[in-house]
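A single structure is presented below for examination.
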Amino acid sequence: MNPDPASGTGVDRAWLRELILTAGRTLESASSRRRDLRVDRKGQVDLVTETDLAIQEHLVQEISGAHPGDRIVAEEEDRAEGRGASVWYVDPLDGTTNFVHGHPFCAVSIARWTDGQPDVGAVYAPLLDELFFAVHGQGATLERPGTGRQARPIHCSDCRSLDDALLGTGFPYHRGATARLNLAICGHALTRVQGIRRAGSAALDLCHVGLGRLDGYWEMGLGDWDVAAGILVAREAGAVVSDFEASPDRFPVRRVAAAAPGLHPDLLAMIRAAHVQPDLEVLGPLPASPLSLVGPLPAELP
């Protein structure tokens, strides 16, 4: 295969595509025997499997061999030997909890950033047969490798109002106050939006904003590896991606808001409103007495 460099990045596009496809095949194969895999807990609900570790070892080895001067930051290990300006962010299995339970929303995510800006990124969800690829300044594409068809350009939606929006979010691994804050944001969203989805993979949520499946998305408590590739895919597809203060340049970033350009200001305004009023009162007062498990729903009561 002839080299196909992503212009200006120094990364062989064909090499990166084959690298992530190989990792995805490992993930897909492991999915069929997931009940036999070793699963460890990094926290109360933060899981890691032998598949995460095997894929990561392979990716780190290949990237360090092809780009020995670059630093590699992977979810399960930060290999900081490289001293150059470029950093690879590797998530060997984004959506591990989904994977363990057989839910197909899980993916391999790889991105390279230089001087704080993304160069190239790829997110592959083999159980969905979806490969997202983006190069800075060259747009984003979706390919379905299982069909043999060529990749096609993707674009975010043209949604301009929360009233017309389908939003995505995710909940952090640490429970308690941060989860309660996100519930408050959801409460504010439910007064306006057409729906909220929680897929369990930040990388895919960002790609789905780029694809227009989601009009907007927010999440807190993220790792660099979770979002490094998805941010580039979403941006190259025309979406606006920032932190909660509207800064597009803050990276690493633990709070992400991504949306169609016409929707992004309203998404941030909703998030800010929830920070001012971080409770569910926006949905109405609490009932004066316990609710019945049968019969009319609360909104149907006189």
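The values are calculated or read from the model by the stated rules, or taken from the named source; none is laboratory data. Model, not experiment: these values are computed from the prediction. As a convention, Cβ positions derive from the backbone with ideal geometry for all residues, glycine included, and neighbour counts pool all protein chains shown. Surface areas here come from the heavy atoms of the whole protein model, side chains and all, with no ligands, DNA or RNA. Shrake-Rupley method; radii C 1.70, N 1.55, O 1.52, S 1.80 Å.
When Ile196 is evaluated against the numbered criteria (1) surrounded by fewer than 20 Cβ atoms within 10 Å (Cβ to Cβ); (2) in contact (Cβ under 8 Å) with a residue 40 or more places away in the chain; (3) in contact with a Gly (Cβ under 8 Å, 6 or more places away or on another chain); (4) among the hydrophobic types (A, V, I, L, M, F, W, C), which criterion, by number, is the only one it fails?
Status for Ile196: all satisfied but (2).
Tell me which residues, restricted to the range 163-179, are of a type outside the set (Val, Ile, Thr), part of a helix (DSSP H, G or I) and open to solvent by less than 80 Å² (accessible area, probe 1.4 Å). Working first, answer last.
Taking the range 163-179 as the starting set, the residues that turn out to be of a type outside the set (Val, Ile, Thr) are 163-168, 170-177, 179.
Filter once more, keeping what is part of a helix (DSSP H, G or I): 163-164, 177, 179.
Correct list: Asp163, Ala177, Ala179.
Answer with yes or no whether Thr147 is within 26 Å of Arg25 (Cα to Cα) and under 18 Å from the mean Cα position of the chain (by Cα).
Taking the combined requirement at face value, the residue does not satisfy it.
Output the number of residues of the range 134-162 satisfying the condition of being part of a strand (DSSP E or B) and either without any contact (Cβ under 8 Å) to a residue 24 or more places away in the chain or open to solvent by 10 Å² or more (accessible area, probe 1.4 Å) (or both).
Residues of the range 134-162 that are part of a strand (DSSP E or B), as a first pass: 134-135, 140-143, 152-153.
After this cut, where a residue has to be either without any contact (Cβ under 8 Å) to a residue 24 or more places away in the chain or open to solvent by 10 Å² or more (accessible area, probe 1.4 Å) (or both) as well, the list is 141, 143, 152-153.
Looking only at that region, the number is 4.
Let me ask something else about it. For Ile185, are the conditions met, namely being part of a helix (DSSP H, G or I) and not small (Gly, Ala, Ser)?
Working: part of a helix (DSSP H, G or I): yes; not small (Gly, Ala, Ser): yes.
Taking the combined requirement at face value, the residue satisfies it.
Something else now. Is it fair to say Gly116 is touching a helix residue (DSSP H, G or I) at 6+ places or on another chain (Cβ under 6 Å) and open to solvent by 10 Å² or more (accessible area, probe 1.4 Å)? Steps first, answer last, please.
Working: touching a helix residue (DSSP H, G or I) at 6+ places or on another chain (Cβ under 6 Å): no; open to solvent by 10 Å² or more (accessible area, probe 1.4 Å): yes.
When the stated conditions are applied, Gly116 does not pass them.
Could you list all residues from the range 54-66 that are out of contact with any Pro (no Cβ under 7 Å at 6 or more places or on another chain) and in contact (Cβ under 8 Å) with a residue 40 or more places away in the chain? Before the answer, list the steps.
Of the range 54-66, the ones out of contact with any Pro (no Cβ under 7 Å at 6 or more places or on another chain) are 54, 57-58, 60-66.
Within the range 54-66, Glu62, Ile63, Ala66 qualify.
For the range 182-203, state whether one or more residues are modelled with pLDDT under 95 and of a type outside the set (Gly, Ala, Ser).
Within the range 182-203 (the criterion being modelled with pLDDT under 95 and of a type outside the set (Gly, Ala, Ser)), the answer is no, since none of the residues qualifies.
When the residues of the range 188-201 are narrowed to those that are assigned to a loop (DSSP other than H, G, I, E, B) and either closer than 25 Å to Ser109 by Cβ or not β-branched (Val, Ile, Thr) (or both), which ends up nearest to the chain's Cα centre (by Cα)? Talk me through it step by step, then tell me what you get.
First, the residues of the range 188-201 that are assigned to a loop (DSSP other than H, G, I, E, B): 191-194, 198-201.
Restricting the remaining residues to those that are either closer than 25 Å to Ser109 by Cβ or not β-branched (Val, Ile, Thr) (or both) gives 192, 194, 198-201.
Numbers: Arg192: 23, Gln194: 21, Arg198: 11, Ala199: 9, Gly200: 8, Ser201: 5 Å.
Only one residue tops the list, namely Ser201.
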